Each structure stands twice: as C-alpha cells, then as structure tokens.
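Data first, discussion second: the structure below is written as structure tokens.
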Amino acid sequence: MKLGILGSGKGSNFAAILEAIRNGELHAAVALAVSDVPGSGILRLAEEAGVPTLILHEPRYRTRLSPRVEEQLVDALRAAGVDLVVLAGYMRIVKSPLLDAFPRRIINIHPSLLPSFRGISAWEQALAAGVATAGCTVHYVDAEIDTGEILAQAEVPVLPGDTAESLHARIQAEEHRLYPEVIRRLAMETRP
Ligand code: GAR
C-alpha cells in the first residue's frame, strides 16, 4: 500500500509510521509527504528518510486550500500512485477535489475521543471540560470537521496536575501506537 502523508507540524505521527515500516510491522511505503507549512518538521523528516516532498504554501487561506491548489495536490498524489491519504497533523479542512478523488481513502488522527472535542487543541478542550479520560481517534475524513466514520480509538487518563502539554504528550504516545496499527489493518483489508 502506498501512503501519501499530509501534515502541517512536527511530524511525530509520520515518524511513528516510518518506524513501523522500517521495523517490518507495517507493509507499506510512503510515496509522498505533503505540507502546507514550509520548513515544518514533517518535511525535514521526509527529506531525511528520502521520501519525495511537496510544499503547498497558500498563506491567503488559513483553514483550507483553494480548489486550484487542492487539484494540484490530487494530481501529485495520483502521480505518486498513492492508495491511502494519511492526515498526520494536517491543519486545513479537506475539500471536495481531494475527497472526491479518494473516497473512503483519506484518514485522520484526532487528539480526542470523538465525537467529543472536535476542532483545534482538543486536549485543551478536554482539560477545560474536566473529563477523567481523554484519548485519540482515527477516522475516515468526510466533508465536515472530525465527523467521519471512526476506525479506532485509544483512551488515556487525565491525571491530577496535568497541563495541556503533559496531557497532549500522553495522548500522542497513544497516537504513535494506534495510527500505524490502523493503517496496517487497512492495508491487510485491501490486499488483493
Ligand atoms: C497530533 O496530536 C494530531 O492528533 C493533531 O495534531 C498533532 C500533530 O502532531 N491533529 C489535529 O488536531 C487534527 N485536528 P505531529 O505533527 O507530531 O504528528
């Protein structure tokens, strides 16, 4: 299975996916790494790993890409032979050009137990709400924000004295375990 990774940030989930491929747990290849943020950690990781990269820098829009640029993204993913689009800290909303090109083949990881705490800084929302349990969710991407069909979830406790940073770190440790596992499952299911 060929993966196309999209990310805006430091890329720790991407690193976990690369590690699972390297140690033989995940039979997949990363065909393309795409970021909307020049200089982001995820691009550096891709370069170090010899993964082709694409930068789609569109500062005019903050929450999405324009249809024209998203079409470029679709072309690049297709040209790379991508089977599954993996959002790993990609902070823009995916719109119809991409959704239509990869139906049920775009997944996302979100740092909450959806449907609770959709949107940004979900761990801060969980902390502010005073919940005892937080976690992360892997889900298919649809036209809404963080509403697609859930593929898997992992829980972590919220501990006394937790800060936003400590809670996010605990959630991320689970993300790094869960995301490669779900991709592995999807790769097995789609194997000819
Ligand atoms: C992850 O915690 C991911 O769940 C979150 O961004 C972080 C990216 O970290 N995604 C979202 O909030 C999407 N709504 P990373 O760049 O280290 O993988």
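A compact table of results
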item	result
The range 2-190: relative contact order as a whole-number percent, Cα under 8 Å and 6+ apart	21 percent
Per residue Cα convex hull volume in Å³ - calculated over the range 55-154	97 Å³
Stokes-Einstein diffusion coefficient of the range 1-51, Kirkwood radius over Cα pairs, 37 °C, 0.692 mPa s, in µm²/s	304 µm²/s
Carbon plus sulfur fraction of accessible area for the range 2-190, probe 1.4 Å, in percent	54 percent
Computed [θ] at 222 nm, helices only, for the chain once each DSSP H run of length n ≥ 4 contributes -39500 (n - 2.57)	-12000 deg cm²/dmol
Accessible area (Å², per residue) of the chain, counting only protein heavy atoms and a probe of 1.4 Å	48 Å²
Formal net charge of residues neighbouring Val138 (Cβ-Cβ distance under 12 Å; K, R +1; D, E -1)	-2
Check: the chain dipole with +1 on Lys, Arg Cβ and -1 on Asp, Glu Cβ, in debye	320 debye
Rounded FRET efficiency, nearest 0.05, which uses the C-beta distance separating Met188 from Ala164 and R0 of 30 Å	0.25
The range 2-190 - share of DSSP beta bridges that are antiparallel (%, nearest 5)	40 percent
Whole-Hz ³J(HN,Hα) from phi, Karplus 6.51 cos²θ - 1.76 cosθ + 1.60, for the range 16-30, glycine and proline x	5, 5, 4, 5, 5, 5, 4, 8, x, 6, 10, 8, 7, 9, 8
Cut-off under 5 Å, modelled amide H: who pairs with Gly135 long-range	Leu113, Val156
Backbone N within the range 12-45 under 19 Å of label point (7 Å from Tyr61 Cα along the Cβ vector)	34-38
For Ser112, net neighbour charge (Lys/Arg +1, Asp/Glu -1) across residues whose Cβ lies under 13 Å away	-3
Local electrostatic count, Tyr61, Cβ distance below 14 Å [Lys/Arg +1, Asp/Glu -1]	+3
Per-pair calculated FRET efficiency, R0 = 30 Å: Lys95 and Ala173 via Cβ, rounded to 0.05	0.40
Proportion of all alpha-carbon pairs of the chain beyond 23 Å (%)	40 percent
Nitroxide proxy distance, nm - points 7 Å out along Cα→Cβ at Ala128 and Ala143	2.9 nm
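The values are calculated or read from the model by the stated rules, or taken from the named source; none is laboratory data. Everything numeric in this text was worked out from a predicted model, so none of it was measured. Cβ: placed from backbone, ideal geometry, glycine included. Neighbour counts: every protein chain shown. For the accessible areas, the whole protein counts, side chains as well, though only heavy atoms, and no ligand, DNA or RNA atoms are used. Shrake-Rupley method; radii C 1.70, N 1.55, O 1.52, S 1.80 Å.
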